[in-house]
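Take a look at the structure below.
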């Protein structure tokens with residue numbers, strides 16, 4: 001199993017929306033590096049849902065429920081999507097400012113490449129972030 005961080009603008013689609021819907025197609029990603037990451041996602045992987053914009057925090061955990069497949073809304077074989085379902089909301093959202101002040105995260109894409117909307121989360125950092133959010 002792999003771990004991921006998925007960014008979303010909460011005014012477009014929030015973790016509340018995901019909980020309400022019960023499942024969604026994770027789409028709308030156009031960045032080449034993020035799309036490369038999306039192609040490596042597999043059913044059963046887990047992902048943090050990160051609210052961008054003014055919030056800038058990890059708010060919940062989701063499970064990937066499908067392997068990547070071509071985006072049915074686009075006529076572009078490079079564009080893929082996958083399905084996710086909510087697992088749980090974090091007791092304490094993990095603020096970006098807290099991540100940036102912890103040296104353990106210095107080499108992670110959330111700190112180094114803030115524009116990337118889908119990124120892997122190393123298992124060691126996943127465990128640390130879960131602890132920070134509980």
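The ranking of 24, 8 by Cβ neighbour count inside 10 Å, starting from the fewest, reads 24, 8.
Within the listed set 118, 25, 80, the residue fluctuating most in the Gaussian network model of the chain (springs between alpha-carbon atoms under 10 angstrom) is 25.
Over the chain, the pair-distance histogram of Cα-Cα distances with 5 Å bins from zero comes to 2, 11, 22, 25, 22, 13, 4, 1, 0 percent, rounded to whole numbers.
Distance from the Cα centre of segment 25-99 to that of segment 100-134, in angstrom? With segment 25-99 and segment 100-134 each reduced to a Cα centre, they are spaced 14 Å.
Under the criterion of Cα pairs below 8 Å and six or more residues apart, the relative contact order for segment 41-100 equals 34 percent. Estimated from helical segments only, the mean residue ellipticity of the chain at 222 nm is -6500 deg cm²/dmol, where each DSSP H run of four or more residues counts as -39500 (n - 2.57). The packing ranking, built from the mean of other Cβ atoms within 10 Å per residue, places the peptides 69-78, 9-18 in the order 9-18, 69-78, highest first. Potential lengthening of the chain between residue 9 and residue 54 amounts to 15.3 nm, from the contour at 0.36 nm per residue minus the alpha-carbon distance.
Read the figures in this text as sums done on the coordinates, not as results from a lab. Remember, predicted model here, so these are calculated numbers, not experimental data. Every residue, glycine among them, receives a Cβ derived from its backbone with ideal geometry; neighbour counts consider all protein chains shown.
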